[in-house]
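Visitor: My questions will all concern the structure given below.
Please treat every number below as a calculation from the coordinates, not as lab data. Everything quoted here is computed from the prediction, not taken from an experiment. Methodologically, a virtual Cβ is constructed for each residue, glycine included, from the backbone with ideal geometry; neighbour enumeration extends over all protein chains shown.
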Amino acid sequence: MVTVPKTGADSLIAGLVDDLKIPQTIDQMIYWDETQCKLSPGQRIKALIINVLTSRRPLYQVEEYFRNRDLENLIGAGVKAENLTDDTLGRGLDKLYEADPRQVFSTLALKIIDLEEIEFKGLHADTTSWSLYGEYGNVDCDFDITHGYSKDHRPDLKQFIYGLGVNEDAVPVVGEVHSGNMDDKTWNRQFIPKLDEYLDKELLKNVVYVADSALVTKKNLKEIRKQGELKFISRLPNTFALEEKVKDRAWEENEWQEIGALASGKDAASYRLQSFTDTIDEHRYRLVVVHSSKLNGRKLRGFKNQLEKEKKSISKAADKLAKREFPSEDIAFEAWNNFLDEYESDYYPLDYTIEKDRKRKKRDGPGRPPKDYVPEYEDFYRLQVKISSPNERAIEKTKERLSCFVLITNELDDEKLSDQEVLLEYKKQSSVETSFKFIKDPSFIGPIFLERDDRIEAMAYLILIAYLVYAILQRRVRNSCEEHDKPITTAGGVKTSTPTAKTILTTVEFAMVKFIDDEGNRGFPDNFQPEVPQQIIEYAGLSLDIYLEVKEEP
């Protein structure tokens, strides 16, 4: 018998892709000639999805990767690695681009959300950048690979932008690819009017659009008002004077609603809230002031740096002042008042002393003084500034203020959306960051070895499709763990009810099959222990047959 080494993750991904009807949906949306193609565009995209989620090989190495894989199980009877050359896969990307990859991804996402019966209250939106090496602009394309604000901290590289909207489980609902110089404020303003293209009107009416503070500009708020019933939650940026005003009001009124911790763990922050209504451009909004028991690390570092710089500035000015000589005590005192006007600090109390001293007056006239010369002396005054120990009370008070932020929503009815629900929904904004972690994870997404802008755009959307599969796998297994009240056992014997899809794929990585007869039927080796993979496969809504079946001939 011939044993066929095969990564179990390949068959799991292939089985899930088929279960979600991704190849069929793609083939229905893309024009292609069945008589001229060994593999349909959907099957080529399927092969690339498997590649992204398992090996992250560049296009020119995918053929080599599949030489050691059971392609009849993964793709279809009669398929060989020679059918998956870089030219073949590149033409698959071309077909995807011609069909409008944004529309293809949107259709897939909405069909899968309907198929999986995914409900969501919030649509969490944000952008990230993808940096590229090389020169681009060789094809007339919908987006420009160009310089812009780099979230990868690589301003020297050209880039494009991902815009993504996900639910609280980080399942992508809508996704877009844009030019590298698009900023978050502009993206929100252009994205909001297109929401009714992506989402059913009834669904859109019940969804809350959640985004970071880049959403809140006067132009964007006006765009939201045009959408009628669209509700939003965001963070009010400090570019609005209203932000500081409403925080001051909260501390003055001091009528906090204690919420407590929103996460488990002894170090979890506790929250308290106060809400007010106020106007921006004559339109009313609810402003929820949130106080956290834990100061954000970035803010704390910034405040410590501010304290250090302030002390250095005061010390330097005080040393310079101490070297000056004043002809009278009144003039020295005036200098102290001027110093205090410029350097008075809430954190470093300042005091002063004026000391009288004498010095020899300079003699008039040239030459050496005569023997009977009696020197004259004059009085002068020095000003010494004393910097006292830091005012810990003032420092702690500022830390408390820095621990506050303001959320803004146009939902004024707190019975429909309470203050606590506003905070909870905003905190779920981390789900979109989870999505970006996949897109930036070198375990899955390596460098894009493509030269043409149109293929890069198509590949960017293919990565979103691969992430959609990844997110559905994770959601299915986690929901099954909750439903069965039983964790899965992952690689290394670790039990968990909230595995990442990456952990799931790693756990099934070494599943193998073998040919059991000359007709090509497959079975598991005698030493194959299916308990762990079987539980995962079943929790993913599939069966062990995904390893053994041969797909129909393309």
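Visitor: List the relative contact order of the range 299-396 as a percent without decimals, with contacts defined as Cα pairs under 8 Å and 6+ residues apart.
Guide: Working: 105 pairs, mean separation 37.1, N = 98.
Relative contact order, the range 299-396: 38 percent.
Visitor: In debye, nearest 20: dipole of the chain around its Cα centre with unit charges on the Cβ of K, R (+) and D, E (-)?
Guide: Numbers: 80 positive and 99 negative charges, 579 e Å.
In debye, rounded to 20, the chain gives about 2780.
Visitor: Given H placed on each backbone N at 1.01 Å, which residues far from Phe232 in sequence or on other chains put an amide H within less than 5 Å of it?
Guide: Amide H to amide H, under 5 Å and 5 or more residues apart or across chains, Phe232 pairs with Tyr209, Asn410, Glu411.
Visitor: If you average the C-alpha positions of the range 414-434 and of the range 160-223 separately, how far apart do those two centres end up, in angstrom?
Guide: Distance between centres, Cα-based: 16 Å.
Visitor: Compute from the Cα atoms of the chain the Rg and the Dmax, the latter being the longest Cα-Cα distance, and quote both in angstrom.
Guide: Cα only, the chain: 33.0, 130 Å (Rg, Dmax).
Visitor: Continuing with the same structure: How do the peptides 26-35, 367-376 rank, highest first, by the average count of neighbouring beta carbon atoms within 10 Å per residue?
Guide: Details: 26-35: 13.5, 367-376: 7.5.
Averaged packing, sorted descending, gives the order 26-35, 367-376.
Visitor: Across the range 190-203, in residue order, what do the Karplus-derived ³J(HN,Hα) couplings come to in whole Hz, using 6.51 cos²θ - 1.76 cosθ + 1.60 with θ = phi - 60° and x for Gly and Pro?
Guide: Those phi angles translate into 7, 6, 4, x, 8, 4, 6, 6, 7, 10, 4, 4, 5, 5 Hz.
Visitor: Separate question: As an exercise, take the mean of 1/r over every pair of distinct alpha carbons in the range 338-497, invert it, and state the Kirkwood radius in angstroms.
Guide: Numbers: mean 1/r = 0.0391 Å⁻¹.
Across the range 338-497, the inverse of the average 1/r is 25.6 Å.
Visitor: With the crude spin-label approximation of a point 7 Å out along Cα→Cβ, what separation in nm comes out for Asn521 versus Leu350?
Guide: According to this spin-label approximation, the distance is 9.2 nm.
Visitor: What residue among Asn305, Met459, Phe191 has its Cα farthest toward the positive end of the dipole of the chain, where the charges are +1 on Lys, Arg and -1 on Asp, Glu, each on the Cβ?
Guide: Value computed over the given set: Asn305.
Visitor: Residue farthest toward the positive end of the dipole of the chain, with Cβ of Lys/Arg at +1 and Asp/Glu at -1: which of Gly175, Leu321, Tyr149?
Guide: Leu321
Visitor: With the convex hull built on the Cα atoms of the range 482-553, state its orientation-averaged projected area in nm².
Guide: On the way: hull surface 23.7 nm².
So the mean shadow area of the Cα hull is 5.9 nm².
Visitor: Continuing with this model, one more query. Compute the normalised compactness of the range 299-396: alpha-carbon radius of gyration over 2.2 N^0.38 Å, N being the residue count.
Guide: In units of the 2.2 N^0.38 Å rule of thumb, it is 1.57.
Visitor: In the range 453-503, with Lys and Arg counted as +1 and Asp and Glu as -1 at Cβ, which of these residues, Thr500, Thr490, Ile472, has the Cα nearest the positive end of the dipole, that is, farthest along it?
Guide: Thr490
Visitor: If you don't mind, another one. Quick check on the range 189-289: take the gyration tensor over C-alpha atoms, sort the square-rooted eigenvalues as a ≥ b ≥ c, and tell me if it's rounded (a/c under 1.5), prolate or oblate.
Guide: Details: a/c = 2.37, a/b = 1.44, b/c = 1.65.
It comes out oblate by the Cα gyration axes.
Visitor: Same structure, new question: Would you pull out the residues with amide H under 5 Å of Gln257's amide H, same chain only if 5 or more places away, H placed 1.01 Å from N?
Guide: For Gln257, whose amide H was placed from the backbone, the distant partners under 5 Å are Leu273, Gln274.
Visitor: Same structure, new question: Given the C-alpha centroids of the range 346-411 and the range 77-91, what is the distance between them in whole angstrom?
Guide: Taking the Cα centre of the range 77-91 as reference, the centre of the range 346-411 is 79 Å away.
Visitor: Working from the pairwise distances between different alpha carbons, so that the mean of 1/r is found and then inverted, what is the range 99-255's Kirkwood radius in Å?
Guide: Details: mean 1/r = 0.0574 Å⁻¹.
Hydrodynamic radius (Kirkwood, Cα pairs) of the range 99-255 is 17.4 Å.
Visitor: Oh, and also: Compute the semi-axes of the equivalent ellipsoid of the range 160-235, taking the square root of 5 times each eigenvalue of the Cα gyration tensor, and list them largest first in whole Å. Let's see the in-between values first.
Guide: Numbers: eigenvalues 66, 51, 27 Å².
Taking √(5λ) for each eigenvalue gives 18, 16, 12 Å, largest first.
Visitor: Another question, if that's okay. For the Cα atoms of the chain, what angle does the longest principal axis make with the long axis of helix 453-484, in degrees from 0 to 90, nearest 10?
Guide: Approximately 80 degrees, to the nearest ten.
Visitor: Using helices alone, I'd like the mean residue ellipticity at 222 nm for the chain: each DSSP H run of four-plus residues gives -39500 (n - 2.57), total over residue count, nearest 500.
Guide: On the way: 21 runs with 238 residues, N = 554.
Value at 222 nm, helices only: -13000 deg cm²/dmol.
Visitor: Right, something else. Packing-wise, with mean Cβ within 10 Å as the measure, how do 148-157, 77-86 rank, highest first?
Guide: Highest mean packing first, the order is 77-86, 148-157.
Visitor: If you fit an axis through the alpha-carbon atoms of helix 430-440 and take the longest principal axis of the Cα set of the chain, what angle between them do you get, 0 to 90°, nearest 10?
Guide: 70
Visitor: For a quick protection proxy, order the peptides 88-98, 104-114, 328-338 by their average other-Cβ count within 10 Å, most packed first.
Guide: Details: 88-98: 21.3, 104-114: 19.5, 328-338: 14.5.
Answer by packing, highest mean first, reads 88-98, 104-114, 328-338.
Visitor: May I ask you to list the residues of the range 307-324 whose amide nitrogen lies under 14 Å from a point 7 Å from Cα along the Cα→beta-carbon direction of Asp357?
Guide: 319-324
Visitor: Something else about it: For the range 1-120, what does the alpha-carbon gyration tensor say about shape, rounded, prolate or oblate, given a ≥ b ≥ c as the root eigenvalues, a/c under 1.5 as rounded, and a/b over b/c as prolate? Mind dumping the intermediate values first?
Guide: On the way: a/c = 1.88, a/b = 1.29, b/c = 1.46.
The shape class here is oblate.
Visitor: Helix 297-322: angle to the longest alpha-carbon principal axis of the chain, degrees 0 to 90, nearest 10?
Guide: Once rounded, the angle reads 20 degrees.
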